[in-house]
Structures are given as C-alpha cells and as structure tokens.
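To start, the structure under review is shown below, and the notes come after it.
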Amino acid sequence: MGIESADDFVLTSHSSIQHVTFVGLFTGASPSVVNVNVDLYHVFPVDSDAVRTPNVITRVNSPADTEFDGRNFLDGTLTFSTTVLNPSFIAGNSVLNGINPAPNQTTGGEGPITGQEVQFDVDFVVPFNLIPGHYFFVPTVQLSSGEFFWLSAPRPIVAPGTPFAPDLQSWMRNELLDPDWSRIGADIVGGTTFNATFSLQGQTVPEPAVLGLLATSALSLFGLRRRWPQRPRGRRQSTATKTR
C-alpha cells in the first residue's frame, strides 16, 4: 500500500471533475515520474468498518477505510504534465517514516527537506462524476528514484483559494495504520493543522428536467502553497508529507 495523504473538498452541485493540479517536492537526483494515481474517498464512516477498534486517536472526519473511485496513468484513465516551480525549495518540516499507531503517534515531524518544487497538471480521461457531498482527494506519485512529498497549504484557506465549510485537515496513513488514518498536523506533528496544495476543476452537471436552461459553470477549489509540504499516496510521496 505504501503511504497515503488526503485532503478534503466539498461539492454543492452534481459535478464532473475533469482536471486537478497539486504541488509537491521531488528529492533525489533528477528522478522521472513512473506513475500518477488519484483516488477519491468518502468521509468516515462511509465505506468503513465503524465497529472495529481503531489504532489512532480518532477517526472523526477522517477519510474512509477504502476508496470509492480512482484513476491511474498506467491504465490510461488519466494524463499528466509537470512544471518545475522552484529548483531548490525548502519545506519547514516533513513526515515520511514517523507514522505510528497511538499512543506513539506524535513525533513532531522529521525536520526540513529540500527538493524541486513541482506542479502536476492532471486530466482525467474518464472524469469523476460526483453528486453533492464531502470527499477526500488522495494523489500518489511513483518516481524512478527519490521521494515525492505533497506540499501543505494554510488552514483555513486564504485568497486566492476558495474557502468552504467544513474545511477538514489533512490526514495520512501507512501500512502500520491501515485502514485507519492520523491527522498530520494535530496527531503526527502536534499542535497544528493544515491543508494540502491542490485545485480541482470541472463542470456542473445539469439535471435532465432543466437541461438546456443551465449555463455550464466551472468549479474550482484551491489550496495555497506554503513552506510546509505533505505527501500523497502512489509510489513515493510526503508535510512535505510522502505518498507512495
């Protein structure tokens, strides 16, 4: 499974999500991208075993145990491009190895990390068709070498981002926690909360009864980069947090 990192978004209308951007760090000597994976999760306790005893402090407002939909570069359901935003970016803290079950969950993070700041632009060959609701976005990046760390963003969201409520904080897990999740800021780092850096774009889906009466509108949820990354899931990722 590797490491997964998740952040949430809210849809107020039936929507077709066609494009996403997210920002992270590449460590190592000029790694190439092998695969990109994007999964969507409901909010716990949907798609979850709510009876079992978790090995984390709380599952309230966490992602579900399992994803309900996903797209993957290698299976042809998404395409992507990358842009280097900063060839030498320093994240103030990172989480990679210190993802532990309770009561040893709080490690404070693993300190600053430096790497290339890279933006991913991802197009979904098969768009996500989502009804109004609250969801978690979980990207994963596999590199030929080194690690990918997903960069964090301020919480609450600030301009030019689009605030929404409730804005849940970022969560993370590895094989030791699966199927549970820990809050990256509140549980692992301790004493803080933050979002992750990503933006979703798509279109509202008209209901059949009003088809032709509604103008298509774009939706966009933004996260601002800040000097503290976090990692998604794929092959290798990282607050800067890592994903595999």
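For ASN35, what residues show an amide H to amide H distance below 5 Å, using hydrogens built from the backbone and excluding near sequence neighbours? Residues meeting the amide H criterion: GLN142.
Towards the positive end of the charge dipole of the range 1-118, with charges on Cβ (+1 Lys, Arg; -1 Asp, Glu), say which of PRO31, ALA64, ILE90 has the farthest Cα. Towards the positive end, the residue furthest out is ILE90. Quick one: if the Förster radius is 25 Å, what FRET efficiency do LEU85 and GLN201 give, using the C-beta to C-beta distance and rounding to 0.05? E(calc), rounded to 0.05, equals 0.85. With a Förster radius of 25 Å applied to the beta-carbon distance between ALA102 and ASP47, the computed FRET efficiency rounds to 0.70. When peptides 13-26, 47-60 are ranked by their average number of other Cβ atoms within 10 Å per residue, the highest-first order is 13-26, 47-60.
Taking every Cα-Cα distance in the range 4-242 and sorting them into 5 Å bins from zero, the calculated P(r) comes out as 1, 7, 15, 19, 20, 17, 11, 6, 2, 1, 0, 0 percent. The distance between label points at VAL60 and SER30 comes to 5.1 nm (points 7 Å beyond Cα on the Cα→Cβ vector). Applying the Karplus relation 6.51 cos²θ - 1.76 cosθ + 1.60 with θ = phi - 60° to the range 198-205 yields 3J(HN,Hα) values of 7, 9, 10, 10, x, 9, 6, 10 Hz, where x marks Gly and Pro. Taking the Cα centre of the range 4-242 as origin and assigning +1 to Lys and Arg Cβ atoms and -1 to Asp and Glu Cβ atoms, the resulting dipole is close to 600 debye. With neighbours defined as other Cβ atoms within 10 Å of a residue's Cβ, the residues TRP150, TRP171 order from fewest to most as TRP171, TRP150. In plain terms, the chain from THR162 to ILE131 could stretch by 9.2 nm, reckoned as 0.36 nm per residue minus the Cα-Cα distance. Over all other residues within a Cβ to Cβ distance under 11 Å of ASP47, the charged ones net out to -4, with Lys and Arg as +1 and Asp and Glu as -1.
Readers should treat all values here as calculations from the given coordinates under stated rules, not as data from a laboratory. Predicted model, so just to flag it, every value in this text is computed and none were measured. Note: ideal-geometry Cβ built from the backbone for every residue, glycine included; neighbour counts use all protein chains shown.
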